[in-house]
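Any read-out appearing in this document is the output of simple, stated calculations on the displayed coordinates, not a laboratory observation. Predicted model, so just to flag it, every value in this text is computed and none were measured. All Cβ positions, even for glycine, are placed from backbone atoms using ideal geometry, and neighbour counts span all protein chains on display.
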Amino acid sequence: MKTIEITYPFNMDNLLVKPTSLAIGFFDGLHLGHQAVIDQAIEKANKLDIVPAVMTFSPHPREVLGKTTFDGYLTPLKEKLSQLEALGIERVYVVTFNPTFANLEKESFITNVLVPLQVSAVTTGFNFTFGHKGLGKATDLAHLGKGSFDVKIVDPVIIRDQAVSSTRIRQSLTSGDIQLTTELLGRPYRIQGKVVHGDKRGRQIGFPTANVEPEQPYYLPAHGVYVVRVVNKNTTAYGVMNVGVRPTFDESAAKTKLEVHLLHQPSHLDLYGETLKLELLYYLRREVKFTSVEALVAQIKLDRDQAIQWIKDKSLFFDERQNSFV
């Protein structure tokens with residue numbers, strides 16, 4: 001997949017544009033609704049024998065316009081690009097979202113952005129907006145682009161009687177409804193980061209943890225304890241992850257930390273510096289402050305047992321001899 005970062009006004013000399021079937025949107029989360037848009041763009045590309053492509057934007061408009069507080073991405077750009085490639089996209093235009101681009105009139109978006117990029121077909125979601133103050137609607141693309149490109153507007157994907165949306169996914173993560181999050185995404189929610197050195201308290205109480213520092217500005221789920229699948233370049237394992245501030249040890253801590261205890265971790269395994277992908281599978285409980293370290297240890301043992309039972313109930317293979325999941 002070819003990724004092309006561009007800033008408006010474009011320098012067309014270096015773009016090497018090709019006729020494309022273009023899905024347009026921010027696509028934060030690349031949830032089932034977004035996937036439906038992208039699938040339609042790929043289908044159109046196959047019919048016309050042109051390049052299946054995506055136009056997305058960076059950074060998030062909320063970061064630039066400052067109308068509301070920005071609290072992180074469901075799929076930061078690097079994660080988004082990886083998933084777009086897996087979906088079958090061959091070219092991605094990453095347009096810098098800045099005040100100049102934000103103030104572009106909707107007509108200019110057609111004539112100065114889409115037409116020069118040789119877009120033959122456009123696919124968008126039903127709620128797509130563009131141009132100054134978002135005054136351009138999906139239906140305006142067909143009217144303003146008539147004679148230049150075909151337009152397909154994709155209906156919402158409905159799950160549990162509501163449209164799939166990035167907002168719903170944020171709400172489900174905040175409430176700890178990981179099952180709904182997975183349904184809306186069509187996959188587990190994933191956070192990627194590097195293992196960094198911590199204070200080794202987990203090791204001191206008999207439950208060593210990998211302290212994971214997100215490598216991108218992810219939207220973090222509710223504070224609490226989760227069953228997770230842990231993937232790195234060498235292995236896939238299961239674990240229990242605490243998301244929070246560890247109130248039993250540090251009431252004043254403000255920064256949210258991600259600490260993962262693997263259900264099976266060979267003594268020789270050294271994860272420091274490794275990049276891990278953490279997939280949220282199940283929400284066990286909220287984060288609480290315990291009256292003693294002994295009470296915390298007892299709860300961690302219970303969390304571990306409940307995680308193992310949950311994974312067994314989901315028919316994932318459990319190796320009794322190695323006390324590990326594969």
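At a 10 Å Cβ-Cβ cut-off, how would you order Ser21, Ser120, Ser175, Ser292, fewest neighbours first?
In increasing order of surrounding Cβ atoms, one gets Ser292, Ser175, Ser120, Ser21.
Report the full-extension gain for the segment Lys301 to Lys314: residue separation times 0.36 nm, less the Cα-Cα distance, to one decimal in nm.
Separation in residues times 0.36 nm, less the Cα-Cα distance, equals 2.7 nm.
Please find, in a Gaussian network model of the chain (springs between Cα atoms separated by less than 10 Å), the residue of Arg160, Arg190, Arg304 whose mean-square fluctuation is greatest.
Evaluated over the chain, the most mobile residue of the options is Arg160.
Where Rh is the Kirkwood radius over the Cα pairs of the stretch 148-203, the temperature 4 °C and the viscosity 1.567 mPa s, what D in µm²/s does Stokes-Einstein return?
The Stokes-Einstein estimate is 90 µm²/s.
Which residue, Ala163, Ala36, Ala23, has the most motion in a Gaussian network model of the chain that connects Cα atoms within less than 10 Å?
Fluctuation is largest for Ala163.
Check Asn98: other-chain or 5+ apart residues with amide H under 5 Å from its amide H, H built from backbone geometry?
Placed amide hydrogens put nothing under 5 Å from Asn98.
About the Cα centre of the chain, what is the dipole size in debye to 20, counting +1 per Lys and Arg Cβ and -1 per Asp and Glu Cβ, all else neutral?
For the chain, the charge dipole is close to 220 debye.
Rounded, prolate or oblate: which fits the stretch 2-158, taking a ≥ b ≥ c as square roots of the Cα gyration tensor eigenvalues, rounded meaning a/c under 1.5, else prolate when a/b beats b/c?
It is rounded, given that a/c, with a ≥ b ≥ c, falls under 1.5.
May I ask for the percentage of alpha-carbon pairs in the chain that lie more than 37 Å from each other?
Counting every Cα pair in the chain, those more than 37 Å apart make up 28 percent.
Which ordering of Val151, Val113, Val54 is given by a fewest-first count of other beta-carbon atoms within 10 Å?
Going from sparsest to densest Cβ surroundings: Val151, Val113, Val54.
Hey, with R₀ at 35 Å, roughly what FRET efficiency would Val196 and Asn127 work out to, going by the Cβ-Cβ distance, to 0.05?
0.35
Pick from Pro52, Pro188, Pro61 the residue whose mean-square fluctuation is largest in a GNM of the chain, springs joining Cα atoms under 10 Å.
Highest fluctuation of the listed residues: Pro61.
Using a ≥ b ≥ c from the Cα gyration tensor of the stretch 1-80 (square roots of the eigenvalues), is it rounded, prolate or oblate, where a/c under 1.5 gives rounded and otherwise the larger of a/b and b/c decides, a/b for prolate?
Oblate shape, in that a/c is at least 1.5 and b/c is the bigger or equal ratio.
Going by Cα centres, the stretch 285-310 and the stretch 97-162 are how many Å apart?
Each part's Cα centre sits 49 Å from the other's.
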